[in-house]
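Bear in mind that the values in this text are calculations on the coordinates, not laboratory data. Just so you know, these numbers come straight off a predicted model, no measurement behind them. Cβ placement follows ideal geometry from the backbone for every residue including glycine, while neighbour counts extend to all protein chains displayed.
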């Protein structure tokens, strides 16, 4: 496992108390967005949280400087926004050529809508094509992309799935 997927695994079983909210989710949301940030879809925040906590050398609790560090660690320093939504991850990966067809452990997956926009993201933990294993937030055991917690899943490599190859330093 990578540091980020090891960390993500420690969150398995974390559940929402109310839709898109709970003590752990509030901590993540307020650290990465702003204090008092309202409940929101959190799969992308979970990915950023795990990457920052696993690899960021900056001291202190995650905050604005940690978000900036993550964009630079991805070599996406020119990305227009922080990676708080699936669309910002997709836009960054597209702009900086980070898509792959052969994901490795620690890479990310995006699920796309029919219009081509993304709507869910998580970590790849194993690639056994035509399937891949994941750890993802804001899903459920049945596979919803707007679920109730952090789960391990097995998904099919099919149209509507894109993979983001992370830099080696973010997959150690």
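Observations, loosely collected:
- The simple spin-label model puts a point 7 Å past each Cα toward its Cβ; for residue 96 and residue 75 those points are separated by 0.9 nm.
- Ranked 17, 128, 145, 150, criterion: other C-beta atoms within 10 Å, fewest first: 128, 17, 145, 150
- Packing-based exposure ordering (other Cβ within 10 Å, fewest first) of 21, 107: 21, 107
- Gain in span if fully extended, residue 65 to residue 169, counting 0.36 nm per residue against the direct Cα distance: 35.6 nm
- Gain on full stretching of the segment that runs from residue 126 to residue 37 - 0.36 nm per residue minus C-alpha separation: 28.7 nm
- For 66, 133, the sequence from fewest to most other C-beta atoms within 10 Å is 133, 66.
- Calculated FRET efficiency for the pair residue 113/residue 3, C-beta based, R₀ 22 Å, to 0.05: 0.10
- Percent of alpha-carbon pairs separated by more than 14 Å within region 56-140: 68
- One chain, two ends: residue 56 and residue 26. Fully extended at 0.36 nm per residue, the span grows by 8.7 nm beyond their Cα-Cα distance.
- Within the chain, the ratio Rg/Rh, alpha carbon atoms throughout and Rh by Kirkwood, equals 0.92.
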